[in-house]
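Below: the structure, in structure tokens.
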Amino acid sequence: MAASLSVLRAKQTTPEIFRQHLQELSVFLFVEASRSWKTDAIEIETPLRSATGAILAKPIVLVPILRAGLGMLDGIQRIAPEAAIGHIGLYRDAETLRPVSYYDKVPVNVAAAEVLLLDPMLATGNSACEAASILKAHGARSIQFLAVVACPTGIEQFHRDHPDIPIIAAAIDPELDDHGYIVPGLGDAGDRYFGTG
């Protein structure tokens, strides 16, 4: 995980390589999140005899915060293709740093699912808090937030508003700059992922 994070941080990393490493790192975060999920026992037949296996007790719902969260979705979908997918569209007002919602569409089974809210950066915490509130308004009860890089400001804000939602992050960086970006961070993950920066 540390090697992928180093590649993501490097400013010379091309969009193609950035995409690859963001997807790979997202798989590690998914595995960590799934450790706490309950399973149900099932009987299966191997080529030699019957055995006890396991299936997840709840369905999975993946909800990226548009647009940077889509980069995390791509990697996780490869190992959880059965997951339903929702989308929450937010952008950050450049002056107030507050989130503005422009789209949300969440699967109908969200109340009965293990829900993963995806965004590479947990900076001020405002967008993540708004997205979590939207999920709860749709009935989601078992939510985890996955981020590549977080900072104390965002973590504190998120825990104040949503103390029931665990945060799983690959790294915690020390501070925000005057524009609300995590330092040292990754830069703008969406621009770097989509090659628009």
task: Please report, to two decimal places, log10 I(q)/I(0) for region 47-162 at q = 0.13, 0.18, 0.19 Å⁻¹ as given by the Debye formula with identical point scatterers on the Cα atoms and no solvent.
output: -0.50, -0.88, -0.97
- prompt: For region 120-144 and region 77-98, what is the separation of their C-alpha centers, rounded to whole Å?
  reply: 9
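Assuming R0 = 41 Å, can you tell me the calculated FRET efficiency for the pair residue 82 and residue 178, based on Cβ-Cβ distance, to the nearest 0.05?
Working: r = 43 Å, r/R0 = 1.06.
Once the sixth-power term is evaluated, E becomes 0.40.
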query: Extent of region 1-97 along each principal axis, from alpha carbon coordinates, in Å, largest to smallest?
result: 61, 29, 20
field: Alpha carbon convex hull of region 143-197, projected area averaged over orientations, nm²
entry: 4.3
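Quick check on the chain: what are the equivalent-ellipsoid semi-axes from the Cα gyration tensor, as sqrt(5λ), descending, whole Å?
30, 20, 14
How many percent of all Cα-Cα pairs in region 52-115 sit more than 20 Å apart? Let's see the in-between values first.
Details: 759 of 2016 pairs.
Counting pairs separated by more than 20 Å, the tail of P(r) holds 38 percent.
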field: Carbon plus sulfur fraction of accessible area for region 73-164, probe 1.4 Å, in percent
entry: 50
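How long are the three semi-axes of the equivalent ellipsoid of region 98-197, in whole Å, if each is the root of 5 times an eigenvalue of the C-alpha gyration tensor, listed from largest down?
23, 15, 12
At a Förster radius of 22 Å, what calculated FRET efficiency corresponds to the Cβ-Cβ distance of residue 37 and residue 1, to the nearest 0.05? Can you show the working numbers first?
Values: r = 20 Å, r/R0 = 0.91.
According to the calculation, E is roughly 0.65.
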message: Starting from the 7 Å offset along Cα-to-Cβ, what nm value, one decimal, do you get for the label separation of residue 108 and residue 141?
response: 1.9
- request: Order the peptides 103-111, 33-41, 129-137, 171-179 from the highest to the lowest mean number of other Cβ atoms within 10 Å of their residues.
  value: 129-137, 103-111, 171-179, 33-41
Binned Cα-Cα distance frequencies in region 1-43 - 10 Å width, integer %: 26, 37, 20, 13, 4, 0
statement: Of the accessible area of region 13-59, computed with a 1.4 Å probe and all protein chains kept, carbon and sulfur make up a percent value of 55
- prompt: Rounded to the nearest whole Å², what accessible area per residue is found for the chain with the 1.4 Å probe?
  reply: 51
- prompt: Under a plain spin-label model, where a point goes 7 Å from the Cα along Cα-to-Cβ, how far apart in nm are residue 94 and residue 160?
  reply: 2.6
Relative packing of peptides 63-69, 82-88 - highest average C-beta neighbours within 10 Å first: 63-69, 82-88
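The values are calculated or read from the model by the stated rules, or taken from the named source; none is laboratory data. For clarity, every value in this text was computed on a predicted model and none was experimentally measured. No Cβ is skipped: glycine too gets one built from the backbone with ideal geometry, and neighbour counts run over all protein chains shown. Just the protein is used for accessible areas: all its heavy atoms, side chains included, with ligands, DNA and RNA removed. Shrake-Rupley method; radii C 1.70, N 1.55, O 1.52, S 1.80 Å.
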